[in-house]
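The values are calculated or read from the model by the stated rules, or taken from the named source; none is laboratory data. Here the structure is a predicted model, which means the values were calculated and not measured. Here the Cβ is made from the backbone with ideal geometry for all residues, glycine too, and neighbour counts use every protein chain on show. SASA here: full protein model, heavy atoms, side chains in, ligands and nucleic acids out. Shrake-Rupley method; radii C 1.70, N 1.55, O 1.52, S 1.80 Å.
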Amino acid sequence: MVRIHSFESMGTFDGPGLRLVVFMQGCNFKCDYCANPDTIKRSGGRLVEKDEIVRRALSEKAFFGKRGGVTFSGGEPLLQAADLLEVFQELKEGGIHIVVDTNGAVMNDDVRRLLEYTDMVLLDVKGVDAAKHQALAKHRNEQVLKTAKYLEEVGIPVRLRCVMIRGRNDSPEDIRLIGETYRGLTNLDRVEVLPYHTYGVHKYEAMGWPYLLEGVKEHTPEEVDRLSEEFEKYFPNVWTQ
């Protein structure tokens, strides 16, 4: 059994092509801007049989085309690496492309085994400055770069995903630190600049949780362009949502 939050079919923002997105339940981070706070609590969601994920993926395989597949997001999917191993093995036997969307802060033998069946990783980088990262994600970030280096060693393509929050991690200095830290990765597919949004605010209200970024404004299109230009100083392939 694995604990999931939900499924989303025909996802287009969570890896190459059209994808079935499996939102896993439970996260070791508690980011101030999290759009899915209902996935954080590890005891939430619902338990499903591993076969349910495999059956659903195979039933949708015809829609994936040459580039699509299944993305495991969350929450933090690598918290359930041991339970997902059999699922990944069966998906690979079925010819399914597998992407893992992770904060990069979980690494152990179960994770390393799971990554043997993983075709691409979406690595969520909140920033490099340790104090800012702790304030924003309520978790240390030392392991994130170590995970990036490990993924390079084993040759798994990586897309960096950088959510930019006004006044928190969007300064030229913040972007410079990300650029100088990660631009040397030889397995880097692209860098995704994801502007902060407030789509999940209603979930905080429903859960009775305070929304800690109340009053923080979204970037204007012109500001997003400037953020992209800053990233392009360090990375050749920058994509903006």
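General remarks:
- Calculated on the alpha-carbon coordinates, the convex hull of the chain measures out at 120 cubic angstrom per residue.
- Scalar couplings 3J(HN,Hα) for segment 67-76, obtained by applying the Karplus form with A = 6.51, B = -1.76, C = 1.60 to θ = phi - 60°, are 10, x, x, 10, 10, 9, 10, x, x, 10 Hz; x denotes Gly and Pro.
- Karplus 3J(HN,Hα) series, Hz, for segment 109-114 with 6.51 cos²θ - 1.76 cosθ + 1.60 (x for Gly, Pro): 4, 5, 5, 4, 5, 5
- Once the chain from residue 62 to residue 112 is taken as fully extended at 0.36 nm per residue, the excess over their C-alpha distance is 15.1 nm.
- Alpha-carbon centroids, segment 168-229 and segment 134-155: separation in whole Å: 17
- Taking all protein chains into account, the per residue accessible area for the chain stands at 46 Å² (1.4 Å probe).
- The charge dipole of segment 150-192, taken about the Cα centre with unit charges on the Cβ atoms of Lys, Arg (+1) and Asp, Glu (-1), comes to about 180 debye, rounded to the nearest 20.
- Computed over protein heavy atoms with a 1.4 Å probe, the carbon and sulfur contribution to the accessible area of segment 1-58 reaches 52%.
- Candidate lysines for bridging to residue 138, where Cα separation is under 18 Å - those fewer than 8 sequence places away on the same chain excluded: 30, 41, 126
- Kirkwood hydrodynamic radius of segment 144-241, from inverse mean 1/r over distinct Cα pairs, in Å: 14.8
- Element breakdown for segment 111-212 at a 1.4 angstrom probe: carbon and sulfur atoms account for 51% of the accessible area.
- Inter-label distance, residue 205 to residue 47: 3.5 nm, where each label sits 7 Å from its Cα along the C-beta direction.
- 26 Å Cα-Cα reach of residue 61 towards lysines, excluding residues that sit fewer than 8 places from it in its own chain: 50, 92
- Gain in span if fully extended, residue 186 to residue 214, counting 0.36 nm per residue against the direct Cα distance: 6.2 nm
- Evaluated on segment 68-165, the Kirkwood hydrodynamic radius is 13.8 Å, with distances taken between all distinct Cα atoms.
- Residue 8 accessible area, assembled protein chains, probe 1.4 Å, Å²: 80
- The chain: angle of helix 142-154 to the longest principal axis, Cα-based, in degrees nearest 10: 50
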